[in-house]
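What follows is one structure encoded as structure tokens, with my remarks underneath.
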Amino acid sequence: MKTAMKIQPSAQSKERSRIGCEVEVEQQTAHTTLFNLLLTAPFLVLFLVQLLHHEMWRDELNAFGIARASPNLSTLFHRVHYEGHPWLWYLMLWVVSRLTTSPIGMKVLQVVIGTAIYLVIGLVSPFSRVEKVLIFLSYFISFEYTVLSRMYGLVLLLLLIYLRQRAVHPQRFFGSSLLLGLMASADMMGILLSGALFIEASFSALKAPARMSAERTRQFAYGSTAYAAMTAFSVLSLFPARDMSWRPTAHLSAGTLLHLLNATVRYIMLPYFPIIQPGSFWNAFPGDPNRHLAFLAALLPFVVAAYYFLLRQHPNLLLLMGVTIVSSIAFADLVYMGYLRHYGITFLAFLAAVWLLRTQIPRLPGMAYALIGLTAVGGIYAGFQAWQRPFSNAESTAKWLIANHLDAGPLVGTDFVVASIAVLLNRPIYMLDCSCSERFLLFSNPREWYTESQIPSRLVAVPGILQISQLVYLGNRPFTSTEESGIRSHGFSVKALASFIGAQEEEENFYAYQIRVDRK
């Protein structure tokens, strides 16, 4: 009896100890979550301020214009074939455009995507506080894929959700494959990156020490089938339309060793050494391109060596980086070189690798800090530049047209220039390239043979075509003296009305002219 009395308090004590430990763990978890939220909050606020301040440019606005002007999904998917991007982002914009005709709706969507990106990194990623701060500051996280309303932010968000799933529930291969399939449905960059991630996950599953159970085998089979089907549909949706215009986009350009070196440097080096020039935002090699190319090519072995020494004990992660880099360089060399926004695929692959690495080690090696730190410098500089000059002057130009009651009159320009104005005003503008009036830029065949030298001859024909006596011409540069003389020689007066210059994206400067029939 006495023994039993001694055992009873011991059991109660163990139960109280267990409950106490659970409470302590819950308190620690709540404290960690609160601290991470406080750490994330300033960067989230900065993102929202940046997004509100940012003036959208042509590529952002044109996607919304296509979605808004598509009365049904059949028309939308037909127009997507002219864009060189898969279907998912356009479908999301199509849904938004059913709720509002204002492009502000697209910014609201970007608020949701960007906020989710910051919260996933801040609250559920395996990174330390210092690592999170550096990632928040990195160029592609702080600006390119969050502030700009494009499909690249969607690729990033899907990647982060996938990494969380991959790290916490590696056995759920089917769910992970669906996320990769959605990533492939958002962008060509998503196709290449999701393919590398799928190969990494498959390699890890097949190399696991224990044999896969029947359930995991089914998951692998179903997941592989789902990913292959979604990727195939994505490729079909971005397959070029038969009458697509390739001006001034890329033709197949398999080329010289110099071209291959250029692609290699851009996709390996520029994610960590972004060269952002005021007034020439995505021009990676301003001035003498060979000088910059030679400098970065000299540093290339150090970055490649950093990848190797950082990931050499994890062949699956080396495979992830290798497949991403090789496929991106091959695409750049054979199809389309791209811009800084495309080079970010390497940074995303690196982010994925260090995320998965971080789940296995207590802290990242110094080389990882160095590479992420370099992108943080680029992010800080890009944020600084965003407040020195507008990214685009499209919104300012549209507001000026409205204020001066010119928004409802005849407006004329080349499609690359006036597409953003057409979307902001939600009205057709006569485009010299295709000799047509459109609410957005469509890369169709009628624009293929247009050159800038044709501006005067095409412009003077517009009054007769539209049966008008005057119009407002919008260009992204002033008329040359030769162009102005050519227009006047056909019996027209040319009057400069306003200019909106100094945009970070050089194609988004605007010059407004009044062209009036002046025949006597």
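Read-outs: derived from the displayed coordinates by stated rules, not from any lab. Keep in mind that this is a model prediction, so the values were computed, not measured. Backbone-built Cβ (ideal geometry, glycine too); neighbour counts: all protein chains shown.
Quick notes
- Residues in region 427-469 reached by a label modelled at residue 484 [backbone nitrogen below 13 Å; 7 Å Cα→Cβ]: none
- Among 46, 180, 431 - extreme Cα towards positive end, dipole of the chain, charges at beta-carbon: 180
- Leading residue at positive end of dipole, the chain (Cβ point charges), from 422, 313, 63: 313
- Against the chain, whose longest principal axis is taken from its Cα atoms, helix 257-268 shows a tilt of about 50°.
- Mean separation of Cα contacts under 8 Å (6+ apart) over length of region 394-517, as relative contact order %: 24 percent
- Dipole check for region 394-517: with +1 at the C-beta of Lys and Arg, -1 at the C-beta of Asp and Glu, and the Cα centre as origin, the magnitude is about 520 Debye.
- Between the alpha-carbon centres of region 97-140 and region 158-233 there is a gap of 23 Å.
- For the chain, the longest principal axis of the alpha carbon atoms and the long axis of helix 340-358 meet at an angle near 0°.
- Around the Cα centre of the chain, unit charges on the Cβ atoms of Lys, Arg, Asp and Glu (plus for the first two, minus for the last two) sum to a dipole of about 1400 debye.
- The Cα trace of region 61-213 gives Rg and Dmax of 17.3, 55 Å, the first to one decimal, the second as a whole number.
- Contour excess over end-to-end distance, with Cα ends at residue 52 and residue 369 and 0.36 nm allotted per residue: 111.1 nm
- In this simple spin-label model, placing a label point 7 Å from the Cα along the Cα-to-Cβ direction at both residue 465 and residue 477 gives a separation of 2.2 nm.
- What the Cα atoms of region 394-517 give is an Rg and a Dmax of 13.3, 37 Å.
- Each of 123, 451, 462 was placed along the dipole of the chain (beta-carbon charges, centred on the mean Cα), and the one lying farthest toward the positive end is 123.
- Principal-axis tilt of helix 366-386 within the chain, Cα atoms, nearest 10 degrees: 30 degrees
- Gain on full stretching of the segment that runs from residue 213 to residue 304 - 0.36 nm per residue minus C-alpha separation: 29.0 nm
- Among 369-379, 307-317, sorting by the average number of other beta carbon atoms lying within 10 angstrom of each residue, highest first, gives 369-379, 307-317.
- Computed on the chain, with alpha-carbon pairs under 8 angstrom and 6+ residues apart, the relative contact order is 18 percent.
- Identified option (computed percent of Cα pairs over 40 Å apart; candidates (1) 19; (2) 31; (3) 40): (2)
- Take every pair of alpha-carbon atoms less than 8 Å apart whose residues are at least six positions apart; their mean separation over the length of region 86-189 yields a relative contact order of 36 percent.
- In a fully extended conformation the segment linking residue 75 and residue 291 would gain 73.1 nm over its present Cα-Cα distance, using 0.36 nm per residue.
- Calculated mean residue ellipticity at 222 nm for the chain: -20500 deg cm²/dmol, from DSSP H runs with n ≥ 4 weighted as -39500 (n - 2.57), summed, divided by the residue count and rounded to 500.
- Efficiency of FRET between residue 260 and residue 518 - r from beta-carbon atoms, R0 41 angstrom, step 0.05: 0.15
- Beta bridges per DSSP with both ends in region 394-517, % antiparallel, nearest 5: 75 percent
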